[in-house]
């Protein structure tokens, strides 16, 4: 709670200046998280539209082994009671406010935020790895949209871990 109180003490003008203009490395990493999240959202939007019947077919690259319709219609894709594309879409969207929260020094001002973002991203990267494994082993097909989604999750995890390391040191120091 103290972290949120400290963050509220920062005036909106200062926060806006930092978010829009600072070239600090942590903010650049967070901008990378936002960019990768938007790329993943684009891929998972197509998957979600297909999985919910809005689209009837997902185009694939003209490469043997790609069958996005098969992968995204699998039992695995619906095993949680909701299409996995919709879950991934929501999760990727949640990265954006997490990355935008706080100013340029949040690793020291609010270290629990980058630690939470990194924990979330690391779990999602592991889940993306499991889904990635499922494509060739269980479904015997690849999904280009899913590959993009997995790669964005892995990139997001890598970017968040850098700031989380600084936040961890700040908490311990």
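The values are calculated or read from the model by the stated rules, or taken from the named source; none is laboratory data. Just so it is clear, the structure is predicted and the values come from calculations on it, not from any experiment. Note: ideal-geometry Cβ built from the backbone for every residue, glycine included; neighbour counts use all protein chains shown.
Yes or no, residue by residue, for (1) at pLDDT below 95; (2) crowded, with 17+ Cβ neighbours inside 10 Å; (3) touching a strand residue (DSSP E or B) at 6+ places or on another chain (Cβ under 8 Å); (4) under 23 Å from residue 155 (Cβ atoms):
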position: 56; (1), (2), (3), (4): no, no, no, no
position: 67; (1), (2), (3), (4): no, yes, yes, no
position: 70; (1), (2), (3), (4): no, yes, no, no
position: 89; (1), (2), (3), (4): no, yes, no, yes
position: 96; (1), (2), (3), (4): no, no, no, yes
position: 107; (1), (2), (3), (4): no, yes, no, yes
position: 111; (1), (2), (3), (4): no, yes, no, yes
position: 116; (1), (2), (3), (4): no, no, no, yes
position: 125; (1), (2), (3), (4): no, yes, no, yes
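Restricting to region 106-139, name every residue that is in contact with a helix residue (DSSP H, G or I) (Cβ under 8 Å, 6 or more places away or on another chain) and either more than 30 Å from residue 20 (Cβ to Cβ) or not in a helix (DSSP H, G or I) (or both).
Within region 106-139, 110, 111, 127, 128, 129, 131, 132, 134, 135, 138, 139 meet the criteria.
For region 27-43, does any single residue satisfy the condition of being assigned to a helix (DSSP H, G or I), free of Cβ contacts under 8 Å to residues at least 40 places away in the same chain and buried (at least 17 other Cβ atoms within 10 Å of the Cβ)?
For region 27-43, residues assigned to a helix (DSSP H, G or I), free of Cβ contacts under 8 Å to residues at least 40 places away in the same chain and buried (at least 17 other Cβ atoms within 10 Å of the Cβ): absent.
Does residue 150 qualify as being in contact with a helix residue (DSSP H, G or I) (Cβ under 9 Å, 6 or more places away or on another chain), surrounded by 22 or more Cβ atoms within 10 Å (Cβ to Cβ) and more than 29 Å from residue 54 (Cα to Cα)?
Values: in contact with a helix residue (DSSP H, G or I) (Cβ under 9 Å, 6 or more places away or on another chain): yes; surrounded by 22 or more Cβ atoms within 10 Å (Cβ to Cβ): yes; more than 29 Å from residue 54 (Cα to Cα): no.
So residue 150 does not fit the description; no.
Hey, can you tell me all the residues within region 53-66 that are in a loop (DSSP other than H, G, I, E, B) and touching a helix residue (DSSP H, G or I) at 6+ places or on another chain (Cβ under 7 Å)?
Taking region 53-66 and keeping what is in a loop (DSSP other than H, G, I, E, B), we get 53-65.
55, 57, 58, 60, 61, listed by residue number.
Cβ-Cβ distance below 7 Å, separation of 6 or more or different chains: which pairs start in region 145-157 with a residue that is at pLDDT 95 or above and end on one that is not in a helix (DSSP H, G or I)?
145/58
Could you list all residues from region 91-130 that are within 22 Å of residue 144 (Cα to Cα), without any contact (Cβ under 8 Å) to a residue 40 or more places away in the chain and under 9 Å from the mean Cα position of the chain (by Cα)?
91, 124, 125
Restricting to region 67-105, count the residues that are on the phi < 0 side of the Ramachandran plot and outside any helix (DSSP H, G or I). Break it down stepwise before answering.
First, the residues of region 67-105 that are on the phi < 0 side of the Ramachandran plot: 67-80, 82-101, 103-105.
Of the ones still in play, those that are also outside any helix (DSSP H, G or I) are 67, 73-74, 79-80, 82-83, 101, 103-105.
Residues in region 67-105 being on the phi < 0 side of the Ramachandran plot and outside any helix (DSSP H, G or I): 11 in total.
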